[in-house]
Amino acid sequence: AQSVTQLDSQVPVFEEAPVELRCNYSSSVSVYLFWYVQYPNQGLQLLLKYLSGSTLVESINGFEAEFNKSQTSFHLRKPSVHISDTAEYFCAVSDWGGADGLTFGKGTHLIIQP
Amino acid sequence: GAGVSQTPSNKVTEKGKYVELRCDPISGHTALYWYRQSLGQGPEFLIYFQGTGAADDSGLPNDRFFAVRPEGSVSTLKIQRTERGDSAMYLCASSLSNTDTQYFGPGTRLTVL
């Protein structure tokens, strides 16, 4: 069985400031890791994913996440946020076989303050 | 191209009634997933189809919930004798295979009065 912990339910940040959204997971098998974003009144969209290879993965809109196996973490970071980044962010995990569905965290609401 | 679509977008029903929620996956995607998302929570896995068969239905909460995918494309989630606790957003996702990225639909918001 797998689980995902997103400790922060809300993260308020000033515009152009850096942000880190924390994600820790537990699993007895090797995993794939994902960050999904849900903008207001929209469906879930994949932001970035780690499958294998380089532990640092990047999205097209400036977010990055680093897989840390020893700390079982996959924290999401952005050096400078914009108002348009206001959204709910979900960390998710699946096993390598992919036979299970995704296991999601409870989400972190990123609030950008002008 | 067209993404995952779900109908209806909203469904209001009364306690005890039967409901069907439909999912149209991306064309060519063999894997299809159903999730349920309650307010303030992340999506919870319900069931996964590979082709026409349910490969994993371990997330279905009880025998009132059932899903089908008879032709390996469209899927229907069926809920019998609905309860107020069934109120949630029901999400469908599809992927090329079970090891590929899952693409989510906009969801069906179910409200049981």
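For segment A:28-51, filtered to residues that are open to solvent by 40 Å² or more (accessible area, probe 1.4 Å) and assigned to a loop (DSSP other than H, G, I, E, B), the residue that is modelled with the highest pLDDT is A:Tyr39. Taken over segment B:83-112, the criterion of being surrounded by fewer than 18 Cβ atoms within 10 Å (Cβ to Cβ) and closer than 19 Å to A:Val31 by Cα is satisfied by B:Leu96, B:Ser97, B:Thr99, B:Asp100, B:Thr101.
Pairing residues of segment A:93-114 that are among the basic types (Lys, Arg) with residues that are at pLDDT 95 or above, at Cβ distances under 6 Å and at least 6 apart in sequence or on separate chains, gives A:Lys106/A:Gln6.
Scanning segment B:31-64 for residues that are over 20 Å from A:Gly105 (Cβ atoms), more than 14 Å from the chain's Cα centre (by Cα), within 12 Å of chain A (Cβ to nearest Cβ) and not in a strand (DSSP E or B) yields a count of 0. Across segment B:65-108, the qualifying residues are those that are part of a loop (DSSP other than H, G, I, E, B) and within 24 Å of B:Gly16 (Cβ to Cβ), and the one among them that is nearest to the chain's Cα centre (by Cα) is B:Gly107.
Kindly indicate whether B:Lys11 is surrounded by 15 or more Cβ atoms within 10 Å (Cβ to Cβ), charged (D, E, K, R) and either assigned to a strand (DSSP E or B) or away from chain A (no Cβ under 14 Å) (or both). Against the criterion (surrounded by 15 or more Cβ atoms within 10 Å (Cβ to Cβ), charged (D, E, K, R) and either assigned to a strand (DSSP E or B) or away from chain A (no Cβ under 14 Å) (or both)), B:Lys11 qualifies.
Among the residues of segment A:10-27, those that are in a loop (DSSP other than H, G, I, E, B) and either farther than 24 Å from A:Gly101 by Cβ or modelled with pLDDT of 95 or more (or both) comprise A:Glu15, A:Glu16, A:Ala17, A:Pro18, A:Arg22, A:Cys23.
Residues considered: B:Gly40, B:Gly3. Of these, the only one that is under 18 Å from A:Gly43 (Cα atoms), free of Cβ contacts under 8 Å to residues at least 40 places away in the same chain and open to solvent by 40 Å² or more (accessible area, probe 1.4 Å) is B:Gly40. All conditions in (1) more than 17 Å from A:Gln71 (Cβ to Cβ); (2) open to solvent by 60 Å² or more (accessible area, probe 1.4 Å); (3) not aliphatic (A, V, I, L, M) hold for A:Glu20, with the sole exception of (1).
A:Ser52 - would you say it is in contact (Cβ under 8 Å) with a residue 12 or more places away in the chain and not acidic (Asp, Glu)? Spelling it out, it is not the case that A:Ser52 is in contact (Cβ under 8 Å) with a residue 12 or more places away in the chain and not acidic (Asp, Glu). Scanning segment A:52-65 for residues that are modelled with pLDDT of 95 or more and either assigned to a strand (DSSP E or B) or loosely packed, with under 12 Cβ neighbours inside 10 Å (or both) yields A:Glu64, A:Ala65.
Checked against the criteria, B:Gly53 does not count as of a type outside the set (Ser, Thr, Tyr) and within 23 Å of A:Val4 (Cβ to Cβ).
The values are calculated or read from the model by the stated rules, or taken from the named source; none is laboratory data. Values in this document were obtained by computation on a predicted structure and should not be read as measured data. When we count neighbours, we look across all protein chains shown, and the Cβ atoms used for this are built from the backbone with ideal geometry, even at glycine. In case anyone asks, the SASA skips ligands and DNA or RNA and just uses the protein heavy atoms, side chains included. Shrake-Rupley method; radii C 1.70, N 1.55, O 1.52, S 1.80 Å.
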